[in-house]
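The values are calculated or read from the model by the stated rules, or taken from the named source; none is laboratory data. Fair warning: this is a prediction, and the values are worked out from it, not measured in the lab. Quick reminder, even Gly has a Cβ in these numbers, built from the backbone with ideal geometry, and neighbours come from all protein chains shown. For the accessible areas, the whole protein counts, side chains as well, though only heavy atoms, and no ligand, DNA or RNA atoms are used. Shrake-Rupley method; radii C 1.70, N 1.55, O 1.52, S 1.80 Å.
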Amino acid sequence: MSNQTQMTRGTTVIANTYGRYPVCFKSGKGVYLTDEDGNQYLDFVAGIAVNALGYGDKGYADALKNQAEELIHVSNLYWNAPNIELSEKLIAHSGMSKVFFCNSGAEANEAGLKFARFYGKDKRYQILTMSNSFHGRTMGALTMTGQLKYQQHVTPMLSGVEYVTFNDSNALISAINENTVGIMIEIIQGEGGIVTVDPEFLKTVTEQCDAHDLLLMIDEVQTGIGRTGHYFAYQAFGLKPDIVSVAKGLGGGFPIGASLISNRVADCLTPSCHASTFGGSALASVAANYILDAIESHDLLVHVREMGDYLAQKLNEMMSKFGVIQSVRGMGLIQGIELSDDVVIPKIINQALSKGLLLVGAGHQVIRFVPPLIIERQHIDEMIEILTAIFEENYKKN
Ligand SMILES: Cc1ncc(COP(=O)(O)O)c(C=O)c1O
């Protein structure tokens, strides 16, 4: 069936909660997707920082197929070996102590919110989160999201969450009170527009956590599992968090999320204090095990750093040509270009789509680049060529 036919069917039956581009994908190979009309696209979106190994990885597909034939799901009333193996790997890579499994980023943050409250022992409950942050769409995660536009028409939000201006140490210090139990941050705000935390601010965060027995809660849903060239972005800053949320890249496309916790948080948990029916299924765990093994065996962290440097270099070259590009920012393979206010970002993204390139926006006037981690130099060159052609059509050169 054609793109158009599929879109007509979809519009009739699928809830209207997404602004979708006019394309229906059928298959993928490497870093390219093919739509129902047979057009090919170079993918710098990767399911929004999800498809770490791109598409059509035979080993990944075989691992899922074999596990599906053996065992897909049992209740968390019982153990399953792939999940135990995955927990061991996550702990080894993160330096955390225990893992709680779920199915998405929002759900990982919901778990983190509850775990922090358990740590507060009914006396302390308040979480400080940052302006411009994004933590997901369920009510707890949405409450922690410091952007009013996502909360419109669903208020009242939960109580016990206060917002602090991101990177403002004084604001953080003055927001702490006797009810505060944790501070929640993203090392790089992804949805917020690829805004990296200021190391000075981080210093204040850790000092305040130490001084007031607060939990350092880090949302690595977008930045985690190798995307920044580190397993977790907090490792680039030498942090020791108490709660780390992951999802997106963990399963390489198969849904799985997790909350990684320190010993002092783990010690507050008891059977049935939290649960998720599908959390850590054998099938999801095999998917995540495959991704973590591939990161090791293909030396992907080094590759991501190299490709990230190359991408940043190429974007900086574009910035020196086009005045509308105001900054290039990010780390590894989560990068963004900030564009002046006169640039209409959806127009650029649509033009890219018509030229066979997938891009996604973020925050205020930012185009985000979150390709599969297996991207190579020639793909970055191809993307830059298409983007340069679009900028040449639309904007004056310096
Ligand atoms: C930092 C961060 N946290 C949480 C989420 C929510 O994840 P999910 O859509 O899997 O619930 C996202 C999604 O974009 C995210 O970027």
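How many residues does segment 26-55 contain that are without any contact (Cβ under 8 Å) to a residue 24 or more places away in the chain and surrounded by 16 or more Cβ atoms within 10 Å (Cβ to Cβ)?
1
Working carefully through the options Val343, Val366, Val328, find the one that is at pLDDT below 95 and aliphatic (A, V, I, L, M).
The conditions single out Val343.
Just one of the numbered conditions (1) touching a residue at least 40 places away in the same chain (Cβ under 8 Å); (2) open to solvent by less than 20 Å² (accessible area, probe 1.4 Å); (3) among the hydrophobic types (A, V, I, L, M, F, W, C) is not true of Leu339; which one?
Checking Leu339 against (1) touching a residue at least 40 places away in the same chain (Cβ under 8 Å); (2) open to solvent by less than 20 Å² (accessible area, probe 1.4 Å); (3) among the hydrophobic types (A, V, I, L, M, F, W, C), the one that fails is (1).
Asn109 is checked against (1) touching a strand residue (DSSP E or B) at 6+ places or on another chain (Cβ under 6 Å); (2) part of a loop (DSSP other than H, G, I, E, B) and fails just one. What number does that condition carry?
(2)
Among the numbered criteria (1) small (Gly, Ala, Ser); (2) more than 18 Å from Gly112 (Cα to Cα); (3) within 16 Å of the ligand (Cβ to nearest atom), which one does Gly182 miss?
Only one criterion in (1) small (Gly, Ala, Ser); (2) more than 18 Å from Gly112 (Cα to Cα); (3) within 16 Å of the ligand (Cβ to nearest atom) is unmet by Gly182, namely (2).
Would you be able to tell me the number of residues in segment 104-130 that are closer than 18 Å to Gly280 by Cα and either charged (D, E, K, R) or within 11 Å of the ligand (Cβ to nearest atom) (or both)?
Qualifying residue count for the region: 8.
So, Lys240, is that one under 14 Å from Gly95 (Cα atoms), in contact (Cβ under 8 Å) with a residue 60 or more places away in the chain and not aliphatic (A, V, I, L, M) or not?
Yes: the conditions hold for Lys240.
How about segment 131-203: which helices (runs of 4 or more DSSP H) wholly inside it have at least 2 residues that are touching a His at 6+ places or on another chain (Cβ under 8 Å) and open to solvent by less than 60 Å² (accessible area, probe 1.4 Å)? Before the answer, list the steps.
Numbers: elements: 139-144, 148-151, 169-175.
In segment 131-203, the matching helices (runs of 4 or more DSSP H) lie at 139-144.
What are the residue pairs meeting all of these: first residue in segment 210-236, first residue within 12 Å of the ligand (Cβ to nearest atom), second residue assigned to a strand (DSSP E or B) and open to solvent by 10 Å² or more (accessible area, probe 1.4 Å), Cβ atoms under 9 Å, and 6 or more apart or on different chains?
Taking only residues 6 or more apart or on different chains, the pairs are Thr223/Met331; Arg227/Met331; Ala233/Thr196; Ala233/Met331.
Being surrounded by fewer than 20 Cβ atoms within 10 Å (Cβ to Cβ), free of Cβ contacts under 8 Å to residues at least 60 places away in the same chain and more than 16 Å from the ligand (Cβ to nearest atom) is true for just one of Glu88, Glu70. Which residue is that? Please lay out each step first, then the result.
Details: Glu70 fails: free of Cβ contacts under 8 Å to residues at least 60 places away in the same chain.
Going through Glu88, Glu70 in turn, just one is surrounded by fewer than 20 Cβ atoms within 10 Å (Cβ to Cβ), free of Cβ contacts under 8 Å to residues at least 60 places away in the same chain and more than 16 Å from the ligand (Cβ to nearest atom): Glu88.
Somewhere in segment 319-330, is a residue of a type outside the set (Gly, Ala, Ser), buried (at least 23 other Cβ atoms within 10 Å of the Cβ) and either closer than 24 Å to Ile218 by Cα or over 17 Å from the mean Cα position of the chain (by Cα) (or both)?
Of segment 319-330, the ones of a type outside the set (Gly, Ala, Ser) are 319, 321-322, 324-326, 328-329.
Going one step further and asking which of them are buried (at least 23 other Cβ atoms within 10 Å of the Cβ), we end up with none.
Looking for residues that are of a type outside the set (Gly, Ala, Ser), buried (at least 23 other Cβ atoms within 10 Å of the Cβ) and either closer than 24 Å to Ile218 by Cα or over 17 Å from the mean Cα position of the chain (by Cα) (or both), one finds none in segment 319-330, hence no.
Given the residues Gly251, Gly257, Gly192, which is the only one that is out of contact with any helix residue (DSSP H, G or I) (no Cβ under 6 Å at 6 or more places or on another chain) and within 12 Å of the ligand (Cβ to nearest atom)?
From the options Gly251, Gly257, Gly192, the qualifying one is Gly192.
Identify, by number, the condition in (1) touching a Phe, Trp or Tyr at 6+ places or on another chain (Cβ under 9 Å); (2) closer than 29 Å to Gly193 by Cα that Asn109 doesn't meet.
Against the list (1) touching a Phe, Trp or Tyr at 6+ places or on another chain (Cβ under 9 Å); (2) closer than 29 Å to Gly193 by Cα, Asn109 comes up short only on (1).
If a residue has to be over 14 Å from Ile256 (Cβ atoms) and not aliphatic (A, V, I, L, M) to count, how many in segment 56-96 make the cut?
Going through segment 56-96 one residue at a time, the tally reaches 16.
Looking at segment 29-58 only, could you name the residues that are over 21 Å from the mean Cα position of the chain (by Cα) and not acidic (Asp, Glu)?
Lys29, Thr34, Gly38, Asn39, Gln40, Tyr41, Gly56, Lys58
For segment 131-149, which residues satisfy the criterion of being more than 11 Å from the ligand (Cβ to nearest atom) and closer than 21 Å to His364 by Cα?
Ser131, Asn132, Thr143, Gly146, Gln147, Leu148, Lys149, listed by residue number.
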